[in-house]
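To keep things clear, I will list the structure first and then write my remarks on it.
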Amino acid sequence: GENVEQHPSTLSVQEGDSAVIKCTYSDSASNYFPWYKQELGKRPQLIIDIRSNVGEKKDQRIAVTLNKTAKHFSLHITETQPEDSAVYFCARDRGSTLGRLYFGRGTQLTVWP
Amino acid sequence: SAVISQKPSRDICQRGTSLTIQCQVDSQVTMMFWYRQQPGQSLTLIATANQGSEATYESGFVIDKFPISRPNLTFSTLTVSNMSPEDSSIYLCSVGADDEQFFGPGTRLTVL
């Protein structure tokens with residue numbers, strides 16, 4: 001179906017701890033799985049993405065893993081900092097056009113100093 | 001990445017009126033996308049705008065309510081017609097660059 005299920009909806013961690021957000025989907029045609037960070041009053045900002053031919057991708061403190069067989073992908077943030085506090089959205093493409101994305105409901109991440 | 005600008009950044013409108021939102025990109029792109037983000041919610045795709053053809057609308061969105069123009073490869077407009085308070089949202093345009101998808105700053109619309 002259309003939905004991308006995202007969990008948890010809220011996540012609070014202590015500075016320096018890790019944060020993990022998970023998304024599941026059902027359409028096997030999806031090939032592109034971006035993650036966006038949205039700070040209050042600002043546009044969604046692409047932080048990392050992964051394609052279906054890769055199982056894991058890392059960029060400094062951020063990593064994304066994809067299990068295409070099980071149809072789930074996760075965002076991992078290590079050594080969290082207060083500036084990581086924001087709403088994070090996962091998304092998936094619709095299998096045909098890159099820009100036609102379905103979004104998860106978002107996760108409000110709060111990192112306490 | 002692509003540099004995307006939108007006008008206006010925000011507006012307050014009366015019900016029954018229409019507002020046209022502009023999106024400008026710093027490079028030529030084949031497709032431009034319009035999304036809506038209702039207060040405290042996620043993003044929902046409204047339509048895909050192609051230059052030289054009619055826009056393609058997603059389920060639940062119709063051309064009479066959200067007419068779109070795409071006169072060239074760097075510009076698009078979205079009109080929100082006959083507005084009601086339920087149309088109060090952030091409207092964002094989006095384009096692809098280097099196989100990634102980027103968003104404009106959004107237009108925050110409040111309908112009274």
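Here are a few things to note about the model shown:
- Dividing the radius of gyration of the alpha carbons in chain A by their Kirkwood radius gives 0.96 for Rg/Rh.
- Most mobile of B:GLY96, B:GLY52, B:GLY60 in a GNM of chain B (Cα contacts under 10 Å): B:GLY60
- Under 19 Å from B:LYS65, Cα to Cα: aspartates and glutamates that are on another chain or at least 8 residues apart: B:ASP11, B:GLU54, B:GLU86, B:ASP87
- Chains A and B together bury roughly 1600 Å² of accessible area, counting both sides, with a 1.4 Å probe on protein heavy atoms only.
- For the protein assembly as shown, the convex hull drawn through the C-alpha positions has a volume of 119 cubic angstrom per residue.
- Separation of alpha-carbon centers, segment A:1-40 and segment B:25-62, rounded to whole Å: 22 Å
- Electrostatic tally near A:ILE62: other residues with Cβ closer than 10 Å to its Cβ, Lys and Arg +1, Asp and Glu -1, net +2.
- Chain-alone versus full-assembly comparison, segment A:81-113, residues with accessible loss of at least 20 Å² (1.4 Å probe): A:PHE89, A:ARG94, A:THR97, A:LEU98, A:GLY99, A:ARG100, A:LEU101, A:PHE103, A:ARG105
- Under Karplus coefficients 6.51, -1.76 and 1.60, residue-wise ³J(HN,Hα) of segment A:44-53 in Hz, glycine/proline x: x, 10, 5, 10, 6, 9, 8, 10, 5, 8
- The magnitude of the dipole of segment B:1-85, with charges of +1 and -1 set on the Cβ of Lys/Arg and Asp/Glu and taken from the Cα centre, is near 200 debye.
- Backbone HN-Hα couplings from phi across segment B:56-66 [Karplus 6.51/-1.76/1.60, Hz, Gly and Pro as x]: 9, 9, 7, 4, x, 10, 10, 5, 5, 8, 10
- Residue-by-residue Karplus 3J(HN,Hα) for segment A:100-113, coefficients 6.51, -1.76, 1.60, Hz, glycine and proline x: 8, 10, 9, 10, x, 7, x, 10, 7, 9, 10, 10, 8, x
- Accessible area (Å², per residue) of the protein assembly as shown, counting only protein heavy atoms and a probe of 1.4 Å: 48 Å²
- Residue mean of other protein chain beta carbons inside 10 Å, B:26-37: 2
- At a Cβ-Cβ separation cutoff of 4.7 angstrom, cysteine residues of the protein assembly as shown with no neighbouring cysteine are B:CYS13.
- Using a probe radius of 1.4 angstrom, the carbon and sulfur fraction of the accessible surface of chain A is 45%.
The values are calculated or read from the model by the stated rules, or taken from the named source; none is laboratory data. On a predicted model such as this, the values are computed, not experimentally measured, just so you know. Don't worry about glycine lacking a Cβ; one is built from the backbone with ideal geometry, like all the others, and counts go over all protein chains shown. Just the protein is used for accessible areas: all its heavy atoms, side chains included, with ligands, DNA and RNA removed. Shrake-Rupley method; radii C 1.70, N 1.55, O 1.52, S 1.80 Å.
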